[in-house]
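> Quick one: structure below, then a few questions.
The values are calculated or read from the model by the stated rules, or taken from the named source; none is laboratory data. None of the values given here were measured: they were computed from a predicted structure. Cβ placement follows ideal geometry from the backbone for every residue including glycine, while neighbour counts extend to all protein chains displayed. The protein model used for the area step is the full one, side chains on, heavy atoms only, and it has no ligands, DNA or RNA in it. Shrake-Rupley method; radii C 1.70, N 1.55, O 1.52, S 1.80 Å.
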Amino acid sequence: MDSNGKVALVTGAGRRVGRALALALGDAGCRVAVHYSQSEKDAQETASLINSLAPGGEAVIIQADLEDPEQVESLASSVAEQLGPIEILVNNAAVFEQTGLKDVSVDDWDRHFAINVRAPFLLAQSMRAQLSPDAAGQGTPAQSAPGKIISLNDWRTARPGRFAYGVTKSALSGLTRTLALALAPHIQVNEVALGAILPPANIALDRPREEIKIDLGPADRMGTLNEVANAVLMLVHNDFITGETINVDGGMHIY
Ligand SMILES: NC(=O)c1ccc[n+]([C@@H]2O[C@H](COP(=O)([O-])OP(=O)(O)OC[C@H]3O[C@@H](n4cnc5c(N)ncnc54)[C@H](OP(=O)(O)O)[C@@H]3O)[C@@H](O)[C@H]2O)c1
C-alpha cells in the first residue's frame, strides 16, 4: 500500500505509543484521525504536530469512550464523514489494570473485553462496511478497497497479575487471525506485540525508577517508540503479510 493520502484512525493517539504511531502515519502522508478518550489536550497537540508536517499534514481529533459500543460506531462514522472511509486502522487504545484472579470482578473483566477486544472488532466491522462497494449498492464485498488493520498486542499474554488484561490480549490475537481470513484478500490484519517500551503511565512507584531492576531479556534494554512505529509502517506498506504477529520485544518471546 502507498500510504500517501490514506485515511488512518489511531485509537488512544493523544499520548505515549499511540501519539508516536499517529505522528509516524502523518509523516508517511496519511490523513490521520487522532482518537482520544480523556486526553483532549494531548490529542490536540498530536493533531497540531501532524498538521504542521510538511507537505500538507492533515489530522482531526475525535473523542469516544471505547467501552460504549455506540460511541465506537459513531467514532467510525465520524472518521468517514470528516476524512473518508477508514483505510488504515491502528488499535492502540487499551486498559492494563493490575488485578489478579482473586480480585478481578465481572466489571473489570467486561471493561477489559469492551475496550481491548470488542472495540477493535466493531471498528473492523465498520471499516469493512465503509470500504465495501456493496455498502453503497455498487458491488460485492469481494471487491472491497484495500485496507490495513494493525493491533497493538503484548509479548506476554499469560499474566496472572494482570489477569483480565492478559486474557483480552490473547483474545485479540484470535481476533487478528480470524479477521485476517474474514477480510482477505483486500484487508490485511496483523498485530505488533510489544516488549517493554514505556512504563505504565499510572504505575505507583515507591522507589526511583532507576533503582528498579527488571529483566529486559536478550536485548537488555527497553524498545523505542521509533522501533514500534517502524514495525507498524512496514505492515502498512507490505501487502502480503496477514494474520501475523510481529514481536517488537528485543527477543522476550523466545527468552
Ligand atoms: N507501553 C508499553 O511498553 C507496552 C508494552 C506492551 C504492550 N503495549 C500495548 O501497546 C498499546 C499502547 O501502549 P501504551 O502504554 O501507550 O497504552 P496506555 O497509555 O496504557 O493507553 C493508551 C490509551 O488508551 C486509551 N483508553 C483507555 N481506556 C479507554 C476508553 N475507555 N476509551 C477510549 N480510549 C481508552 C487512553 O486514551 P486517553 O488518554 O485519551 O483516555 C490511553 O491514552 C496498548 O495496546 C498496550 O497494551 C504497550
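> Taking the range 22-46 as the search range and keeping residues that are closer than 22 Å to residue 72 by Cβ and of a type in the set (A, V, I, L, M, F, W, C), which one is farthest from the ligand (Cβ to nearest atom)? Write out each step before concluding.
Step one: filter the range 22-46 for residues closer than 22 Å to residue 72 by Cβ, giving 22, 25, 30-40, 42-44, 46.
Right, trim to of a type in the set (A, V, I, L, M, F, W, C) and you get 22, 25, 30, 32-34, 43.
Details: 22: 11, 25: 15, 30: 18, 32: 15, 33: 13, 34: 10, 43: 6 Å.
Top of the filtered list is 30.
> Right, something else. Can you tell which of 195, 174 is touching a residue at least 12 places away in the same chain (Cβ under 8 Å) and either in contact with a strand residue (DSSP E or B) (Cβ under 8 Å, 6 or more places away or on another chain) or surrounded by fewer than 20 Cβ atoms within 10 Å (Cβ to Cβ) (or both)? Show your work before the answer.
Working: 174 fails: touching a residue at least 12 places away in the same chain (Cβ under 8 Å).
Only one candidate passes the filter, namely 195.
> Next up: Kindly indicate whether any position in the range 200-211 is open to solvent by less than 40 Å² (accessible area, probe 1.4 Å) and within 14 Å of the ligand (Cβ to nearest atom).
In the first step, residues of the range 200-211 are kept if they are open to solvent by less than 40 Å² (accessible area, probe 1.4 Å); the result is 200.
From what's left, within 14 Å of the ligand (Cβ to nearest atom): 200.
Taking every residue of the range 200-211 in turn, at least one turns out to be open to solvent by less than 40 Å² (accessible area, probe 1.4 Å) and within 14 Å of the ligand (Cβ to nearest atom).
Listed here are the residues, each with its yes/no results for (1) open to solvent by 20 Å² or more (accessible area, probe 1.4 Å); (2) within 15 Å of the ligand (Cβ to nearest atom).
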| residue | (1), (2) |
| --- | --- |
| 51 | yes, no |
| 56 | yes, no |
| 65 | yes, yes |
| 73 | yes, yes |
| 80 | yes, no |
| 89 | no, yes |
| 92 | yes, yes |
| 125 | yes, no |
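> Okay, next question. Return only the number of the condition from (1) surrounded by 17 or more Cβ atoms within 10 Å (Cβ to Cβ); (2) in contact with a strand residue (DSSP E or B) (Cβ under 7 Å, 6 or more places away or on another chain); (3) within 29 Å of residue 180 (Cβ to Cβ) that residue 61 does not satisfy.
Residue 61 satisfies every listed condition except (3).
> Continuing with the same structure: Tell me which of these residue 104 doesn't satisfy, since it passes every other one: (1) surrounded by 13 or more Cβ atoms within 10 Å (Cβ to Cβ); (2) within 21 Å of residue 173 (Cα to Cα); (3) not acidic (Asp, Glu).
(2)
> Which of the residues spanning the range 18-49 are open to solvent by less than 70 Å² (accessible area, probe 1.4 Å) and among the charged types (D, E, K, R)?
Scanning the range 18-49 gives 19, 31, 42.
> Name the one entry in 247, 230, 238 that is open to solvent by 70 Å² or more (accessible area, probe 1.4 Å) and not hydroxyl-bearing (Ser, Thr, Tyr).
Values: 247 fails: open to solvent by 70 Å² or more (accessible area, probe 1.4 Å); 238 fails: open to solvent by 70 Å² or more (accessible area, probe 1.4 Å).
Answer to the check: 230.
> Here is a follow-up. Go through the range 94-104 residue by residue and tally those that are in contact (Cβ under 8 Å) with a residue 60 or more places away in the chain and away from the ligand (no atom under 16 Å from the Cβ).
Residues of the range 94-104 that are in contact (Cβ under 8 Å) with a residue 60 or more places away in the chain, as a first pass: 94-101, 104.
Narrowing the set further to residues that are away from the ligand (no atom under 16 Å from the Cβ) leaves 100-101, 104.
The total comes to 3.
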